[in-house]
Amino acid sequence: MQKMDFQYFKKSADYVKNIIQEEPDIGIILGSGLKDFASRINNKITIDYKDIPNFLVSTVESHEGKLIFGEIKGKKVICMSGRFHHYEGYPFPMLTIPIRLFKLIGVKKTIITNAAGAVNTSYNVGDIMIIKDHLKLTGASPLMGDNIPEFGPRFFDTTDMYTKELRKIALECAKESSLSFHEGVYMYFTGPQFETPAEIRAARILGADAVGMSTVTEALTAAHCSMPLLGLSVMTNMAAGVLDRKLTDEEVGETAARISKPFGDYVENVISRL
Ligand code: HPA
C-alpha cells in the first residue's frame, strides 16, 4: 500500500479544489438512509468518489459515493453522500481520508449524521441524539501509525471533540423542530453484525445512550486536526434486546426515510446558524 503521508492526502484535496474553485464553509457526512439530504443542495457540483485520487469507494448499498459541493441557506457546503466504515474492510488509518480532505479544502466546521440504535430506554425510534461524547472500546484508532504533524500532534485532546458551541446551536434549533431531541453518548461497535443484547446491556451500564458503526473514526480525525464537529444520531431502532424482536437493516432504512423531511429541515436550520 502507498504510504499515507501528507502528500497522499494533498493529492485528493488538490483534485477537488481544482474542480470546486471555492472554499466550503461546512462539511457534511450523511449516514445510512439519510442521503436524501443532498437533494437540498443548490448550484451543485458533483464529484464521484472513484474519480478522486487516493480516495475510497463505498461498498454499502444505502451509501452512494458522491461528493457534492453547493449552497444551503447561503452557506457553501460540501457533502459526502456515502461514507466508509471499518466493517467494509478498510483499515482504521484509511478512515481518516474524508475528514482530512475536508480540512485541506478549507472546511471550517463539520456535521456528521448517522443511523443508530437507541440504548437509552427513554429514547424513542425517530428521536435525534446530539452526540456529546463517545465510547470506543475497540483497540484500534484511525490515528495509529506515523503521525502527520501538518494535521495535528501525536497525542491529542478529545475533551471537546463534539464541539460545545455547535451543540448549543443544535439544541437551540431543536426547539423549532417537530422531532424529539436528546444529548447523549454514542458508543462505537465495528459491526457489520448488530450488537448482541448482552453487549447492549453492557453499553448501557458503561453510559452509552446509542450505538452505531460509524462516526467515531471521523470524530477522532476531526479532533486531531482541530476541526469543530457536530454529531447527530437518528434513532432508527431500539438497540438489540430492548424490544422482543430481531433487528433488520430494513427497519433502519424505514425510520431514516420516515423522518428524512423533518430531519433535513432541522439540519438546514442548523447550517443557517453556523
Ligand atoms: N446498532 C449499530 N448500528 C446501527 C444500529 C444498531 O442498532 N442501528 C442503526 N445503525
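The values are calculated or read from the model by the stated rules, or taken from the named source; none is laboratory data. These figures come from a predicted structure and were not determined experimentally. Neighbour counts run over all protein chains shown; Cβ positions are idealised from the backbone, glycine included.
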Considering every residue within region 245-268, establish whether at least one is within 16 Å of the ligand (Cβ to nearest atom) and part of a strand (DSSP E or B). no
Ser233 versus (1) crowded, with 18+ Cβ neighbours inside 10 Å; (2) among the hydroxyl-bearing types (Ser, Thr, Tyr); (3) farther than 15 Å from Leu30 by Cα: which is the lone unmet condition? (3)
In region 9-24, is there at least one residue being modelled with pLDDT of 95 or more, buried (at least 19 other Cβ atoms within 10 Å of the Cβ) and under 18 Å from the mean Cα position of the chain (by Cα)? yes
Pair list, Cβ < 7 Å and 6+ apart or interchain, from region 30-50 residues that are in contact (Cβ under 8 Å) with a residue 24 or more places away in the chain to residues that are among the small types (Gly, Ala, Ser) and loosely packed, with under 14 Cβ neighbours inside 10 Å: Gly33/Ala257
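What do you reckon, is Leu135 of a type outside the set (Ser, Thr, Tyr) and within 16 Å of the ligand (Cβ to nearest atom)? If you could, list the steps in order and put the result at the bottom.
On the way: of a type outside the set (Ser, Thr, Tyr): yes; within 16 Å of the ligand (Cβ to nearest atom): yes.
Against the criterion (of a type outside the set (Ser, Thr, Tyr) and within 16 Å of the ligand (Cβ to nearest atom)), Leu135 qualifies.
Consider Ile148 carefully, then state whether it is touching a Phe, Trp or Tyr at 6+ places or on another chain (Cβ under 9 Å) and either more than 20 Å from Thr121 (Cβ to Cβ) or part of a loop (DSSP other than H, G, I, E, B) (or both). Break it down stepwise before answering.
Details: touching a Phe, Trp or Tyr at 6+ places or on another chain (Cβ under 9 Å): yes; either more than 20 Å from Thr121 (Cβ to Cβ) or part of a loop (DSSP other than H, G, I, E, B) (or both): yes.
In short, yes.
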Does Thr196 satisfy the criteria of being within 16 Å of the ligand (Cβ to nearest atom), within 18 Å of Ala219 (Cβ to Cβ) and either touching a residue at least 12 places away in the same chain (Cβ under 8 Å) or out of contact with any Pro (no Cβ under 6 Å at 6 or more places or on another chain) (or both)? no
